[in-house]
1. What percent do you get for the relative contact order of the range 306-423 when only Cα pairs under 8 Å and 6+ apart count?
2. What shape does the range 313-386 take by its C-alpha gyration tensor, where a ≥ b ≥ c are the square roots of the eigenvalues and a/c under 1.5 counts as rounded, a/b above b/c as prolate, and the rest as oblate?
3. Set the bar at 28 Å for Cα to Cα. Now go through LYS80/LYS115; LYS190/LYS226; LYS13/LYS183 and name every pair that lies beyond it.
4. Once label points are set 7 Å from the Cα along Cα→Cβ at both SER27 and LYS199, what is their separation, rounded to one decimal in nm?
5. Suppose R0 equals 60 Å; then what is the FRET efficiency for SER312 and LEU36 from their Cβ-Cβ distance, rounded to the nearest 0.05?
6. Have a look at the DSSP beta bridges in the range 1-72 and tell me what percent are antiparallel, nearest 5.
7. Provide the FRET efficiency to the nearest 0.05 for the ASN50-ASP168 pair, computing r from the beta carbons and using R0 = 45 Å.
8. My understanding is that a pair violates if its Cα-Cα distance is over 21 Å; which of LYS31/LYS447; LYS53/LYS73; LYS391/LYS431; LYS214/LYS300; LYS337/LYS391; LYS117/LYS261 do that in this structure?
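FYI, it's all coordinate maths here, none of it is from the lab. Just so it is clear, the structure is predicted and the values come from calculations on it, not from any experiment. Cβ coordinates were reconstructed from backbone atoms using ideal geometry, including for glycine residues, and neighbour counts include every protein chain displayed.
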Amino acid sequence: MIEISFNDNKTQKDAEVVFITDTKGLSKTAKEIAHLQSFGAKNGEILFVNSEKRFYCGLDSATPDNIREVAAKAVRTLKKYTFKHINIIGFDDENLNYALTLGLGLGDYEFSTYKSKKEDSTLKSLNIAESKKAESKKIAKDSTLQKALILIDSINFVREIVNTPPQDCTPIDLANIANKMAKEFGLECKIGDVAFLKKEKMNAMLAVSRASDKEPRLIHLTHKPKGAKIKVAVVGKGLTYDSGGLSLKPADYMTTMKADKSGGCAVLGIMRTIAKLNPNIEVHGIIGASENMIGGNAYKPDDILSTREGISVEVKNTDAEGRLVLCDCLSYAQDLKPDYIIDLATLTGACVVALGEYTSGIMGYNKELNKQFENIALNSGELVSILPFNKHLEKLIESKNADISNVSSSRYGGAITAGLFLGRFIREEYKDSWIHLDIAGPAFVEKEWDVNPYGASGIGVRSVVDFILSLNNAR
Ligand code: BES
Ligand code: ZN
Ligand code: ZN
């Protein structure tokens, strides 16, 4: 991990990075090299001038989105050289320096835990040197840059857990990680075992988990400052493996299903960030940790489950297991009487078809809240889009034999019908305070994109943390 500092002029620097929006900013020598290499200062183009020990990084324009992305790309490039300490010339704007920091820290992560030969880089530290103008105007507040460092730590922590293979990250492992983190960061942590789930009548979650040798766990983390006036519950799908169950996934679709715990892991990252930032808001993080497997004991298509909310569900497809785990967790979360409930889940392939791999779907009954969340998420650097509910789609999850079916009768609109399924478990008094985030696309992508490496992205942490922090200013 590369250390990131601000305005540190103690350590000797071996090279420098500057961001430029056009080739006018290049020195004379640099211009000549740029010409030879047809460097046009376009977004993500990087030019190294050896005689100046300087990297020129092109930006189409100096927006937070461009800066984050190019900074991440710059780190990946810098690691290929042999420098130890590098100075990065910052911007005259706090928001841009915040984006720069995030890009550097998030671009540095790679999953190498299981590689016997690690690609060691010599790069030890990056120092963001504010321009003279910024220093005099005190543009980059320490707290803002500290927030970026906290987010980087949390998101990389989430990525590492999501990337961990299923044999090393079972529901019990996830519960142990949560427990350890809670102790370290001063959160309350309650772990519910099978007996607890039975007592709580979380029969849908139990049914999904039954065929696995690995027991399920309900993980409940709490940040409870004295005198908090707002309470938020964040609920995550924590399927440490989703084989599809008896409605088994084809081989090609089963790989990467270690990442079906991404929603739950995002909840860990959100709670870790909240614990460190310590806002005066009560935040509950609830994770349904479970494994969807096959076996003689497996739950079956045609089973009818009796959920914690008292609603009966006909199982039509055991691969639509996330909503079964979540409906019981959402029921548990509502008993906490929160002002807002947000769930995060790699819920449907249909959401990826609808929005592409990089965008999360926002769903919920409260149009204003959806919009509010969308704005905050986009500002945080996460791509999101609202998928609208409608009563016609709602009819598609009716069941002949039970109160509701776990899959839609139509092949179209699968992300929304999954959202509507969850919506049935939200009590009338919470309908307007609930948001569902389908992160199936961006949670795990098998190629590098934006600030993310191959694999887990830690998506959901930035947007949900910023949403929670925005509530502090609202009241
Ligand atoms: N975990 C999957 C959804 C998923 C798919 C996440 C691709 C990430 C990438 C979920 O449990 C699932 O299998 N959903 C089914 C629902 C269907 C059976 C109604 C799906 O999307 O195919
Ligand atoms: Zn599934
Ligand atoms: Zn799943």
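1. 34
2. oblate
3. Those over the limit are LYS13/LYS183.
4. The answer from the label model is 7.0 nm.
5. According to the calculation, E is roughly 0.25.
6. DSSP beta bridges in the range 1-72 are roughly 45 percent antiparallel.
7. About 0.55, to the nearest 0.05.
8. Check vs 21 Å cut-off fails for LYS31/LYS447; LYS337/LYS391; LYS117/LYS261.
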